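The structure appears below as structure tokens.
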Amino acid sequence: MHIDVTTFSGSCTCGRNHEIYVKDIIIESGAVKRLPEYLAHIFHGNYAKIGILCDSNTYKAAGRKAEAVLPGSYTVILPAENLHADNHGVELAEEMLAGMKDLKLILAVGSGTIHDITRYLSNILSVPFVSVPTAASVDGFVSTVAAMTWNGMKKTIPAVSPVLVVADTDVFSEAPYRLTASGISDLLGKYTALIDWEVSHIVTGEYICTRVCELELKALKEVCSCLPQLRNYNSEEVRKQAYEQLMYALLLSGLAMQMIGNSRPASGSEHHMSHLWEMEVINGPLDAYHGEKVSIGLMIATKTYHKVKNAIRNGFCSVKPYKGLEYDILKEAFAPKGLYEDIITENTPDPLAGINEEKFKQQLPDIARILDKLPTEEEINRLLTAAGCIKDVQEIELEEGIIPKTIRLSPYVRNRLTFLRLTKLLRL
Ligand SMILES: [Zn+2]
Ligand SMILES: [Zn+2]
């Protein structure tokens, strides 16, 4: 299938002119073999000017197939072990690519980490890149920002979108299922991300686009309907169709981010929890994928949001006066890692600072109505279970006791208002 990207750009009822940078998206069986044909539309140089960036696992999955159809191209194979989207990963990839004389195009063959490293390099080297996803594991393939850990601090760094996505069903449908489950969780995380955006919109008047929200809801609908068939090993055809649908949903969510120019439609409190754990300030290194952490974040956020909603409805919730940042807890958590200054800078200005206590109090019934749109904890649990996704902190070897700390600290990892951050102004 081709996704007609032109339908996502142009003027919108939200008042903006949405821009789409990716020129074409192909999702089909055997797409990697047809790379020369697809590249011909965007690249006219010699294949010796193409750098293929992959890791030792994704090289086996698709890198060598790409290399075979692009004779003369230069392949960089990063070690899959301990490879992260951080300054070390970027340095390593840059060093290895430096062996090329005249780099004109990068092919990112891999999942989220390879894509984030590539989109960052593509930006600083001013070389376009093509995305070849090897797993349906994240929704950020076409994102214009790179989610990276930079000197220990989780940062969203301006980067670039691929010019073309060539997603080969024969490749990504054969990825380890754990990666697929991670992609499903990343998408289901939109449930809380959208709530956060809508609540922030009514509280602060933050810009929102209904069309983009609808696009994310469409992605959610697509993923929910393909879940039962992703592990249908009786019919390869049906299973592959379900994978294409999942990849389509992930790319739709990516296009939604591209329309806005940042990750607001796709990342809320559930992602902030994942980012906090990646910063390793209240936990040690985790052996978990992005989507797995988002999955647990989604469960924690959903439970918290419904609890607060019920308190609002039952009259057990009042608004507290704003008292500024929680310097004490921030210092205790982030100073030992040398991240205290960074976290204060990130939170300046504090997104809670301008909120009027009285007005916020009056908005609580409207907020409760928005929270009604969030599926119940049981429904989210059922979806995650059906998809074979992770749900509990213990599954990534975290203690139950980390949950209250996560709820308290994670809203500070990013200067983005979420409902979780707003609960700091509530007394239950
Ligand atoms: Zn719009
Ligand atoms: Zn994500």
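Secondary-structure-derived ellipticity at 222 nm for the chain, considering helices only, amounts to -14000 deg cm²/dmol, per-run term -39500 (n - 2.57) for DSSP H runs with n ≥ 4.
A 1.4 Å probe run over the chain, with the rest of the protein chains in place, finds 41 Å² accessible per residue.
Think of the chain as a dipole: +1 on every Lys or Arg Cβ, -1 on every Asp or Glu Cβ, centred on the Cα centre; then among SER111, ALA301, CYS317, CYS317 lies furthest on the positive end. Across the options TYR248, GLY63, GLN362, the greatest Cα extent toward the positive end of the charge dipole of the chain (unit charges at beta carbon of Lys, Arg, Asp, Glu) belongs to GLN362.
Taking amide H positions as modeled 1.01 Å from N, with prolines and chain starts lacking one, the residues under 5 Å from CYS12 and 5 or more places away or on another chain are HIS18. For LYS221, the lysines whose Cα falls under 16 Å of its own Cα, not counting residues fewer than eight places away in the same chain, are LYS190, LYS373. Across LYS65, LYS309, the residue with the most accessible area heads the list, and the full order at a 1.4 Å probe is LYS65, LYS309. How much net charge surrounds GLU292 when only other residues with a Cβ under 13 Å from its Cβ are counted (Lys, Arg +1; Asp, Glu -1)? Net local charge, GLU292 excluded: -4. Solvent-accessible surface of protein heavy atoms, probed at 1.4 angstrom with all chains present, puts ARG427, ARG119, ARG211 in the order ARG427, ARG211, ARG119, largest first. Close amide H contacts of ASP86 (hydrogens built in the peptide plane, cut-off under 5 Å, sequence separation of 5 or more or a different chain): THR149.
A cut-off of 5 Å between modelled amide H atoms, ignoring neighbours fewer than 5 places along the same chain, links GLY110 with VAL132, THR134. When +1 charges are put on Lys and Arg Cβ atoms and -1 charges on Asp and Glu Cβ atoms, the dipole computed for the chain relative to its Cα centre reaches about 900 debye.
Across region 265-427, the relative contact order, built from alpha-carbon pairs under 8 Å that are at least six residues apart, equals 42 percent.
If R₀ is 51 angstrom, what is the calculated FRET efficiency for the pair LYS33 and LYS303, using the beta carbon separation as r and rounding to 0.05? After rounding to 0.05, the efficiency reads 0.65.
Ranking TYR74, VAL138, MET259 by Cα position along the charge dipole of the chain, where only Lys, Arg, Asp and Glu carry charges on their C-beta atoms, puts MET259 farthest toward the positive end. Remark: the ALA40-GLU397 segment gains 123.8 nm on full extension, using 0.36 nm per residue and subtracting the alpha carbon distance. Run the reach check for LYS104 against lysines, Cα to Cα strictly under 29 Å, same-chain hits fewer than 8 apart removed. What comes back? Qualifying lysines at Cα under 29 Å: LYS23, LYS33, LYS49, LYS60, LYS65, LYS155.
Running a GNM on the chain with Cα contacts under 10 Å, which residue among LYS101, LYS293, LYS373 ends up with the highest mean-square fluctuation? Greatest mean-square fluctuation among the candidates belongs to LYS101. Using the Cβ of LYS424 as centre and a radius below 13 Å, the other residues enclosed give a net charge of +2, where K and R count +1 and D and E count -1.
Filter the chain for me: DSSP H helices, axial length by Cα at least 30 angstrom, mean Kyte-Doolittle hydropathy not below -0.5. List them by residue number. Before the final figure, lay out each step's value.
Values: long enough: 236-260 (36 Å, 0.22); 290-313 (34 Å, -0.27).
Helices passing the filter in the chain: 236-260, 290-313.
Probe radius 1.4 Å, ligands and nucleic acids ignored: give me the carbon and sulfur share of the accessible area of the chain as a rounded percent.
The C+S portion of the solvent-accessible surface of the chain is 50 percent.
The count of lysine pairs in region 235-366 with alpha-carbon distances below 29 Å, taking only pairs 8 or more places apart or on different chains, stands at 27. Over all other residues within a Cβ to Cβ distance under 15 Å of PRO365, the charged ones net out to +2, with Lys and Arg as +1 and Asp and Glu as -1.
The spread of Cα positions in the chain, taken along each principal axis and listed from longest to shortest, comes to 67, 46, 45 Å.
The relative contact order of the chain comes to 16 percent, based on Cα pairs under 8 Å that sit 6 or more residues apart. Per-residue SASA remark: TRP277, around 0 Å² accessible (1.4 Å probe; ligands, DNA and RNA not included). Rounded to the nearest 20, the size of the Cβ-charge dipole of region 2-175 about its Cα centre is 280 debye, with Lys and Arg at +1 and Asp and Glu at -1. Computing FRET efficiency as 1/(1 + (r/R0)^6) for ALA98 and LYS361, where r is the C-beta to C-beta distance and R0 is 56 Å, gives about 0.45. Taking a straight Cα-Cα cut-off under 17 Å and skipping sequence neighbours fewer than 8 places away in the same chain, the aspartates and glutamates within cross-link reach of LYS218 are ASP4, ASP139, ASP186, GLU198, GLU244.
The values are calculated or read from the model by the stated rules, or taken from the named source; none is laboratory data. What you are looking at is a predicted structure, and each value in this text was computed from that prediction instead of being measured. Heads up, the Cβs are rebuilt from the backbone with ideal geometry, glycines too, and the neighbour counts pull from every protein chain shown. Accessible surface areas use protein heavy atoms only, side chains included; no ligands, DNA or RNA. Shrake-Rupley method; radii C 1.70, N 1.55, O 1.52, S 1.80 Å.
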